Amino acid sequence: MVLVNQNGSSVPSIVRNIIADRLLGLTQTDWSKELKEAAGKRKKTEKETLTKATSSMEKGTKPSHLLEDFEGKYSNSGYGTFSIAAKHDSLFASLGKNHFWLKHFHYDVFQPFEINKEHKIDTADKSEIRFNFRTGNSGEIENVQITGLEPSSNKPMEFSYQSATKEIRPEELKKYAGEYELGGVVAKVFIKAEKTLFLFVPGQPEYELAYLGNDKFSIKILSGYKVELEQSGGSITGCAFVQPNGTFKAKKK
């Protein structure tokens with residue numbers, strides 16, 4: 001073994017090759033020069049690859065949604081769940097103890113940069129990982145497809161989206177409770193355990209609602225389904241059931 005404690009160093013390779021040349025009686029090669037030139041070629045290739053990636057950027061574009069609309073949790077059965085929050089004029093992703101700044105690349109595509117323990121952003125990391133947020137038929141964020149997670153595969157990994165929920169005082173829920181009529185069908189919104197809002201539609205199970213802010217609720221177990229309460233004169237007068245196949249309005253009885 002040659003210099004086995006030189007992990008990550010090119011010295012062992014150089015020494016090994018020189019010894020092999022001498023033992024086999026081969027023409028002496030300047031292995032130091034050879035390795036230096038090879039390293040230079042690698043750096044040039046990496047730079048060219050980065051230039052190509054950067055050149056694919058469409059300048060002058062912007063996200064199709066407000067940054068707050070990207071907030072929430074994103075889940076994949078194999079990779080787990082991470083969250084995204086909007087702060088100031090940027091998006092930040094958190095996965096366990098790891099945190100990333102998502103720099104806008106173009107359209108709804110973002111490039112992640114890791115935030116180190118000193119809370120500094122490592123902009124020297126030029127990975128090819130991209131977050132591509134996809135919009136569903138309802139016009140809202142449905143999932144994010146991440147490319148570059150699997151170096152051996154060009155197939156993006158899809159993470160389904162769940163809206164970020166907000167806190168609401170139990171007493172505030174009372175104004176939403178009631179019956180809402182739509183085409184002869186009466187849906188009931190009611191409170192359970194004095195703190196959780198539920199929706200019941202005849203012939204269907206009870207659905208727990210999660211508060212999203214601004215009189216809007218998501219249906220917890222149904223992706224892309226929301227209930228938006230409507231106010232007039234300070235009172236709730238109706239609601240809109242937002243579904244992937246359309247929006248349906250109901251009046252409060």
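Report, in degrees rounded to the nearest 10, the 0 to 90 angle that the Cα long axis of helix 31-55 makes with the longest principal axis of the chain.
Taking the Cα atoms of the chain, the angle to 31-55 is about 30 degrees.
Please state, rounded to one decimal and in Å, the Kirkwood hydrodynamic radius that the chain gives when every pair of distinct Cα atoms enters the mean of 1/r. Please report the intermediate quantities before stating the final value.
On the way: mean 1/r = 0.0438 Å⁻¹.
Every distinct Cα pair counted, the radius reaches 22.8 Å.
Please work out the ratio of the alpha-carbon Rg of region 106-219 to 2.2 N^0.38 Å and round it to two decimals.
Values: Rg = 20.6 Å, N = 114, 2.2 N^0.38 = 13.3 Å.
Here the answer is 1.54, to two decimals.
³J(HN,Hα) across region 106-115 via Karplus (A = 6.51, B = -1.76, C = 1.60, θ = phi - 60°), whole Hz, x for Gly/Pro?
In residue order, the calculated couplings are 5, 6, 9, 10, 10, 10, x, 10, 6, 9 Hz.
Which distance in Å, rounded to a whole number, links the C-alpha centroids of region 89-109 and region 205-233?
Here the answer is 27 Å between Cα centres.
Report the calculated FRET efficiency for residue 185 and residue 237 (r = Cβ-Cβ distance, R0 = 25 Å), to the nearest 0.05.
Approximately 0.90, to the nearest 0.05.
Can you give the percent of C-alpha pairs in region 170-252 whose distance is more than 21 Å? Walk me through the numbers before you get to the answer.
On the way: 632 of 3403 pairs.
Within region 170-252, distances greater than 21 Å cover 19 percent of Cα pairs.
I need the calculated FRET efficiency for the pair residue 117 and residue 171, taking r as the beta carbon distance and R₀ as 45 Å, to the nearest 0.05.
Working: r = 42 Å, r/R0 = 0.94.
The computed FRET efficiency comes out at 0.60.
What FRET efficiency would be calculated for the residue pair residue 59, residue 95, taking the C-beta separation as r and a Förster radius of 30 Å, to the nearest 0.05? Let's see the in-between values first.
Details: r = 30 Å, r/R0 = 0.99.
The value I calculate is 0.50.
Let me have the 222 nm mean residue ellipticity of the chain computed from DSSP H runs of 4+ only, each contributing -39500 (n - 2.57), with the sum over all residues rounded to the nearest 500. Display every interim value, and only then the final one.
On the way: 2 runs with 39 residues, N = 253.
Estimated from H runs of four or more residues: -5500 deg cm²/dmol.
Rounded to two decimal places and with Rh computed the Kirkwood way over Cα pairs, what is Rg over Rh for region 67-163? Don't skip to the answer; put the middle values down first.
Details: Rg = 12.9 Å, Rh = 13.8 Å.
Using only Cα positions, Rg/Rh for region 67-163 is 0.94.
Under a point spin-label approximation (7 Å from Cα along Cα-to-Cβ), what is the residue 251-residue 157 distance to one decimal in nm?
The modelled label-to-label distance comes out at 5.1 nm.
Quick one: helix 11-24 against the long Cα principal axis of the chain, what's the angle to the nearest 10°, folded into 0 to 90?
Value to nearest ten degrees: 40.
Here, each number is a calculation from the coordinates, and none is a lab measurement. This is a predicted model, so every value here is computed, not measured. Using ideal geometry, Cβ is built from the backbone for each residue, glycine included, and neighbour counts are taken over all protein chains shown.
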